[in-house]
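Scroll down for the structure; my scribbles are underneath it.
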Amino acid sequence: MSSGKAFKVLVTHPEVPQEGIDILKQNCEVIQVQSVPVDRAELLRKISGVDGVLWGGHQPLNAEALDAAGPQLKSISTMSAGIDYVDVPELKKRKIPLGHTPTVLNTAVADLAVGLLIAAGRRFHEGRKKIDNDQWENYHLNWLLGQDIRDSTVGFYGFGGIGQAIAKRLSGFDIDRVLYTTRRRVHKEIEEEFNAKKVDFDTLLAESDFIVIASPLTKDTQGVFNATAFNKMKETAVLVNIGRGKIVNQDDLYEALKSNRIFSAGLDVVDPEPLSPKDKLLTLDNVVVLPHIGSATKRTRAEMATIAAHNVLRGLVGEPMLSPAY
């Protein structure tokens, strides 16, 4: 290679923070996809012959991309926590190590989740609409009353790093207890710290005042929040989703919110993304929808790029990645 650098690495998005690219450039020749949105043809052309890939964005990472790269490819890291757009069995079959960046975004996502919980529970969106529509009725005493976080039961569907970071923040709001539904029980010390108890899904639904979805999307979690689930929830319950949109059956959620079967919802993830501005969900007063900005802080993105870059470099030299996906 003319550059005299040992490895060639593709960065699949032009907006990957410079902090990550600078790390790679120290001992790799870096090439970068320039199109936004990413043009698949450009990606497949530029991936040919590279040794490593820093996968920025949620383009499908599958056999097509791996075939285009060639057999010398030995290291890939995404710049995300979720890897539902990655064909993991295909990478494992080819023995290509995969890194991702889960822990660095816990703080930013947890902060946003608390914001959604308050916004949905205290009717921020509905209140703002009242102002916009000249319906500010300041002569009522019981107007726009919301749900208290104090002394509430908060249920977590998924209680990994992000769920625990949210629980830690909510402890400052004097919640009563935490319930969680996961495949495996968390450590006893974590349960003690958050006054948390592992329960089955039905108990979580029935007893929680707030429910936070903080699990990855898998075939087991897809669509589990459906009409059956909403019918088991309290009518005063607030649902927050910072996991993946497909974990919720959105048609059923619309019906549950419209009929006031549950109180409200706060969503940073929806299905599809982007959501059409004409989507019926957006006609409702009692749902706060954000455009998937959970990890969108400058510091968090820089840290994600940095960890992804270190993952790629370690994979190239056969060392264990900082943050392996498997």
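The values are calculated or read from the model by the stated rules, or taken from the named source; none is laboratory data. Treat the numbers as computed from the prediction; the structure is a model and nothing was measured. Here the Cβ is made from the backbone with ideal geometry for all residues, glycine too, and neighbour counts use every protein chain on show. For the accessible areas, the whole protein counts, side chains as well, though only heavy atoms, and no ligand, DNA or RNA atoms are used. Shrake-Rupley method; radii C 1.70, N 1.55, O 1.52, S 1.80 Å.
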Check your understanding: What number goes with the only condition from (1) surrounded by fewer than 20 Cβ atoms within 10 Å (Cβ to Cβ); (2) in contact with a Ser or Thr (Cβ under 7 Å, 6 or more places away or on another chain); (3) of a type in the set (A, V, I, L, M, F, W, C) that ALA302 does not pass?
Key -> (2)
Check your understanding: Regarding SER295, is this residue among the polar types (S, T, N, Q) and either closer than 30 Å to GLY20 by Cα or surrounded by 20 or more Cβ atoms within 10 Å (Cβ to Cβ) (or both)?
Key -> yes
Study note, to complete from the structure: Looking across region 249-275 at residues that are of a type in the set (D, E, K, R) and open to solvent by 70 Å² or more (accessible area, probe 1.4 Å), the single one that is farthest from GLY160 (Cα to Cα) is LYS258
**Study point:** Answer from LYS246, LYS278, LYS198 - the residue that is open to solvent by 60 Å² or more (accessible area, probe 1.4 Å) and without any contact (Cβ under 8 Å) to a residue 12 or more places away in the chain
**Key:** LYS278
Check your understanding: Before we move on, is ALA68 outside any strand (DSSP E or B) and open to solvent by less than 20 Å² (accessible area, probe 1.4 Å)?
Key -> no
Exercise for review: Tally the residues that are part of a strand (DSSP E or B) and either open to solvent by 20 Å² or more (accessible area, probe 1.4 Å) or small (Gly, Ala, Ser) (or both), restricting the search to region 75-98.
Suggested key: 2
Point to revise | Some residue of region 221-242 being among the aliphatic types (A, V, I, L, M), outside any helix (DSSP H, G or I) and in contact with a Lys or Arg (Cβ under 8 Å, 6 or more places away or on another chain) | key: yes
Review point. Among (1) aliphatic (A, V, I, L, M); (2) crowded, with 18+ Cβ neighbours inside 10 Å; (3) not in a strand (DSSP E or B), where does VAL9 come up short?
Key: (3)
Practice item. Please go through region 159-192 and pick out each residue that is surrounded by fewer than 20 Cβ atoms within 10 Å (Cβ to Cβ) and touching a residue at least 24 places away in the same chain (Cβ under 8 Å). Key: GLY160, GLY161, LYS168, ARG169, PHE173, ASP174, ASP176, ARG177, THR182, VAL186, ILE190
Check your understanding: From the set of residues in region 27-62 that are more than 24 Å from the chain's Cα centre (by Cα), of a type in the set (A, V, I, L, M) and over 22 Å from HIS310 (Cα atoms), which is most open to solvent (accessible area, probe 1.4 Å)?
Key -> ALA41
Practice item. Scan region 106-146 for residues that are in contact with a Lys or Arg (Cβ under 9 Å, 6 or more places away or on another chain) and among the aliphatic types (A, V, I, L, M) and jot them down. Key: ALA108, ALA110, ALA113, VAL114, LEU144, LEU145
Point to revise | Of residues in region 187-215 being β-branched (Val, Ile, Thr) and out of contact with any Phe, Trp or Tyr (no Cβ under 6 Å at 6 or more places or on another chain), the one farthest from SER264 (Cα to Cα) | key: ILE190
